[in-house]
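Before any comments, here is the structure.
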Amino acid sequence: MATLIHTLADHSDDVNYCAFSTSCLATCSLDKTIRVYSLSDFTELPYSPLEGHAYAVHCCCFSPSGRVLASCSTDGTAALWDSRDGRRLAVLQQPGASPVRVCRFSPEATYLLAGAADGSVVLWNVQSLKLYRSGKVKGGSLMACAFSPNGNFFVTGSSSGDLTIWDDKMRCLYNEKAHDLGVTCCDISSHPVSDSENGVKYFQMASCGQDNQIKLWLILFADFLGVQLKYKCTLNGHSAPVLACAFSCDGRLIVSGSVDKCVIIYETSTGNILHTLSQHTRYVTTCAFAPHSLLLATGSMDKTVHIWQLDLKQPCAGDTVENESKVAVQDWSEDDVSAWLCTQDLADFVGLFKMNNIDGKELLNLTKESLANELKIESLGLRSKVLKKIEELRMTMISVSVPDEFLCPITRELMNDPVIATDGYSYEREAMENWISNRRSSPMTNLPLHSLMLTPNRTLKMAISRWLENQQK
């Protein structure tokens, strides 16, 4: 059960990120400030808000001890603050002065990682405040980063869709195309998982992106094997781009926040949806679990941060939500089928179905004969269970949802007059005009818009018209 116990509404603009220490919660915003609250009663600390950035603050994080707070901004800097009294300890200028999107401390607090819109990745030595190493992702902006629990490597995610694994000397060890439309966030669980067959331990990672999906990965980092990144499964449930994901401190839960205004809590081991929280009224941009308690913070473009208390001992059947992906089942990819199997307690069949290239169309055509003869599922009970789940899936196909690309990212309503902004995304004209009347940032990326020009998207408008005509037949 998830209970909303407090709402923080002190920011005057979009909340971009929130982060816990053992005693505090920090939040940062488009309003150029960082605010810090006590976890004992959620009152703002006397020195808060922290001011000093010239533009929007995109990310904030505590050092492992909680004594230092880092923040980064569109102004091209990362800043270090003393969390005890709010003093600004240092300002670190990103090479090239590109807007800094993400920042993270290494587990030993030796380094601060800062990633920027131009794709640059920098490791700062926290003691000397000197640049230790720098690198650059292959393409796009750097949108996400996470350190391994032992500090031997870190992972970055970019707007081009790549996940890149680096060692602590900033050497690129591995690169994988993970999300077609861009990575928005990633997190590595502090609890490794064991592979009983090979006797090795993997680090578990979650990534999310503009493709509406959360993907789970297993990372093996060993001197004798090098680096291996193994895809585990996809978690669906969101109907729009997923902007944030995070593991609980024990690795048992994953939380995600999305443009669809929802927060979803998953069980890591099964992929099952435990809770769907829909109290935010705008995009959910950030979510974080407290390190040693069952507290969850979620932040949004509605300018608020919600604090939730989780009670895992209470039954949550009433909060369980089935996968309601807006993608028609017959158009599901193999990854979508894998995610559906996980949500139906059929995770043991993921490998078998992927081996046989079962996508949405193939799934709907499965029969008891094909399950027995082609997929070689010998147990009559298991075949019956799979067929029952497929039949239930067929029953949900009576009505088809509006294609997601026809919905305005701002209003989440069918577009009547779609226009293309200079960030490359399409919006309803009236909604976008209202948006840019008081800000110059992209609703999808939060990056500055180079121009406020809006171009009619006639191709999309014709596609919507044809879809409406077909619906009326």
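The values are calculated or read from the model by the stated rules, or taken from the named source; none is laboratory data. A quick note: this is a predicted structure, and the numbers were derived from the prediction, not measured. Cβ coordinates were reconstructed from backbone atoms using ideal geometry, including for glycine residues, and neighbour counts include every protein chain displayed. Heavy atoms of the whole protein, side chains included, go into the accessibility calculation; ligands, DNA and RNA do not. Shrake-Rupley method; radii C 1.70, N 1.55, O 1.52, S 1.80 Å.
Picking from Cys208, Cys233, Cys186, which residue would you name as being at pLDDT below 95, hydrophobic (A, V, I, L, M, F, W, C) and closer than 24 Å to Val337 by Cβ?
Working: Cys208 fails: at pLDDT below 95; Cys186 fails: at pLDDT below 95.
Residue meeting the stated conditions: Cys233.
Considering only the range 68-105, state which residues are open to solvent by less than 10 Å² (accessible area, probe 1.4 Å) and outside any strand (DSSP E or B).
Gly76, Gln94
Of all residues in the range 50-67, count the ones that are open to solvent by less than 20 Å² (accessible area, probe 1.4 Å), closer than 23 Å to Asn150 by Cβ and outside any strand (DSSP E or B).
2
In this structure, is His275 under 22 Å from Leu8 (Cβ atoms), of a type outside the set (S, T, N, Q) and without any contact (Cβ under 8 Å) to a residue 40 or more places away in the chain?
Numbers: under 22 Å from Leu8 (Cβ atoms): yes; of a type outside the set (S, T, N, Q): yes; without any contact (Cβ under 8 Å) to a residue 40 or more places away in the chain: no.
No.
Could you give every pair whose Cβ atoms fall below 8 Å, whose first residue belongs to the range 358-383 and is within 15 Å of Leu346 (Cβ to Cβ) and assigned to a helix (DSSP H, G or I), and whose second residue is open to solvent by less than 10 Å² (accessible area, probe 1.4 Å) and among the hydroxyl-bearing types (Ser, Thr, Tyr), counting only separations of at least 6 or pairs across chains?
As it stands, the answer is none, since no pair meets every condition given.
Please go through the range 330-353 and give me each residue that is over 22 Å from Glu378 (Cβ atoms) and over 22 Å from the mean Cα position of the chain (by Cα), ordered by number.
Answer for the range 330-353, where residues must be over 22 Å from Glu378 (Cβ atoms) and over 22 Å from the mean Cα position of the chain (by Cα): Gln330, Asp331.
Mind checking which residues of the range 106-135 are of a type outside the set (Ser, Thr, Tyr), open to solvent by less than 20 Å² (accessible area, probe 1.4 Å) and in contact with a helix residue (DSSP H, G or I) (Cβ under 8 Å, 6 or more places away or on another chain)?
Selection gives Ala116, Val122.
Anything in the range 14-60 that is in contact with an Asp or Glu (Cβ under 6 Å, 6 or more places away or on another chain) and aliphatic (A, V, I, L, M)? List them, or say none.
The answer is Leu30, Ala54.
Could you list all residues from the range 162-186 that are farther than 18 Å from Asn236 by Cβ, within 21 Å of the chain's Cα centre (by Cα) and either open to solvent by less than 40 Å² (accessible area, probe 1.4 Å) or among the aliphatic types (A, V, I, L, M) (or both)?
Filtering the range 162-186 for residues farther than 18 Å from Asn236 by Cβ gives 162-177.
From the residues that got through so far, the ones that are within 21 Å of the chain's Cα centre (by Cα) too are 162-166, 174-177.
Those that are farther than 18 Å from Asn236 by Cβ, within 21 Å of the chain's Cα centre (by Cα) and either open to solvent by less than 40 Å² (accessible area, probe 1.4 Å) or among the aliphatic types (A, V, I, L, M) (or both): Asp162, Leu163, Thr164, Ile165, Trp166.
Mind checking which residues of the range 30-60 are under 23 Å from the mean Cα position of the chain (by Cα), farther than 20 Å from Ala290 by Cβ and not β-branched (Val, Ile, Thr)?
Leu30, Asp31, Lys32, Ala56, His58
Could you tell me which numbered condition Val259 fails, if it satisfies all but one of (1) under 15 Å from Cys185 (Cα atoms); (2) free of Cβ contacts under 8 Å to residues at least 24 places away in the same chain?
Every listed condition holds for Val259 apart from (2).
Condition test on Leu352, is it assigned to a helix (DSSP H, G or I) and touching a residue at least 60 places away in the same chain (Cβ under 8 Å)?
Working: assigned to a helix (DSSP H, G or I): yes; touching a residue at least 60 places away in the same chain (Cβ under 8 Å): no.
Against the criterion (assigned to a helix (DSSP H, G or I) and touching a residue at least 60 places away in the same chain (Cβ under 8 Å)), Leu352 does not qualify.
Here are some residues: Val57, Val100. Which one is closer than 18 Å to Thr304 by Cβ, touching a residue at least 40 places away in the same chain (Cβ under 8 Å) and touching a strand residue (DSSP E or B) at 6+ places or on another chain (Cβ under 9 Å)? Explain how you work it out, then say what you get.
Working: Val100 fails: closer than 18 Å to Thr304 by Cβ.
Result: Val57 is the single residue among Val57, Val100 that is closer than 18 Å to Thr304 by Cβ, touching a residue at least 40 places away in the same chain (Cβ under 8 Å) and touching a strand residue (DSSP E or B) at 6+ places or on another chain (Cβ under 9 Å).
Can you tell me which residue in the range 444-471 is nearest to Leu243 (Cα to Cα), limited to those that are part of a loop (DSSP other than H, G, I, E, B) and without any contact (Cβ under 8 Å) to a residue 60 or more places away in the chain? I'd like the intermediate steps shown before the answer.
Step one: list which residues in the range 444-471 are part of a loop (DSSP other than H, G, I, E, B), which gives 444-447, 449-454, 457.
Still in the list and also without any contact (Cβ under 8 Å) to a residue 60 or more places away in the chain: 449-454, 457.
Details: Leu449: 19, His450: 22, Ser451: 24, Leu452: 24, Met453: 25, Leu454: 24, Asn457: 25 Å.
Applying the filter and picking the extreme gives Leu449.
How many residues does the range 251-266 contain that are more than 14 Å from Leu294 (Cα to Cα) and open to solvent by 20 Å² or more (accessible area, probe 1.4 Å)? Working first, answer last.
Filtering the range 251-266 down to residues more than 14 Å from Leu294 (Cα to Cα) leaves 256-264, 266.
If we keep only those that are open to solvent by 20 Å² or more (accessible area, probe 1.4 Å) too, we end up with 260-262.
The qualifying residues number 3.
Give the residue that is modelled with the lowest pLDDT, with candidates limited to residues of the range 375-418 that are more than 30 Å from Glu362 (Cα to Cα) and of a type in the set (S, T, N, Q).
If we take residues in the range 375-418 being more than 30 Å from Glu362 (Cα to Cα) and of a type in the set (S, T, N, Q), then Thr411 is modelled with the lowest pLDDT.
Looking only at residues that are of a type in the set (D, E, K, R) and within 20 Å of Pro64 (Cα to Cα) in the range 131-168, which one is modelled with the lowest pLDDT? Working first, answer last.
So in the range 131-168, the residues of a type in the set (D, E, K, R) come out as 133, 136, 138, 162, 167-168.
Filter once more, keeping what is within 20 Å of Pro64 (Cα to Cα): 167-168.
Working: Asp167: 89, Asp168: 84.
Residue satisfying both the conditions and the ranking: Asp168.
Could you look through the range 424-444, keep only residues that are of a type in the set (Ser, Thr, Tyr) and open to solvent by 30 Å² or more (accessible area, probe 1.4 Å), and pick out the one that is farthest from Tyr55 (Cα to Cα)? Spell out how you get there, then give the answer.
Quick first cut of the range 424-444, residues of a type in the set (Ser, Thr, Tyr) only: 425-427, 437, 441-442.
So of that shortlist, the ones also open to solvent by 30 Å² or more (accessible area, probe 1.4 Å) come out as 425, 437.
On the way: Tyr425: 23, Ser437: 18 Å.
The extreme case among them is Tyr425.
Does Ala421 fit the bill of being touching a helix residue (DSSP H, G or I) at 6+ places or on another chain (Cβ under 7 Å) and either at pLDDT 90 or above or surrounded by 15 or more Cβ atoms within 10 Å (Cβ to Cβ) (or both)?
On the way: touching a helix residue (DSSP H, G or I) at 6+ places or on another chain (Cβ under 7 Å): yes; either at pLDDT 90 or above or surrounded by 15 or more Cβ atoms within 10 Å (Cβ to Cβ) (or both): yes.
Against the criterion (touching a helix residue (DSSP H, G or I) at 6+ places or on another chain (Cβ under 7 Å) and either at pLDDT 90 or above or surrounded by 15 or more Cβ atoms within 10 Å (Cβ to Cβ) (or both)), Ala421 qualifies.
Restricting to the range 289-306, and then to whatever is among the small types (Gly, Ala, Ser) and within 19 Å of Ser12 (Cβ to Cβ), can you tell me which residue is surrounded by the most Cβ atoms within 10 Å (Cβ to Cβ)?
In the first step, residues of the range 289-306 are kept if they are among the small types (Gly, Ala, Ser); the result is 290, 293, 297, 299-300.
Still in the list and also within 19 Å of Ser12 (Cβ to Cβ): 297, 299-300.
Values: Ala297: 26, Gly299: 28, Ser300: 24.
Going through the qualifying residues, I end up with Gly299.
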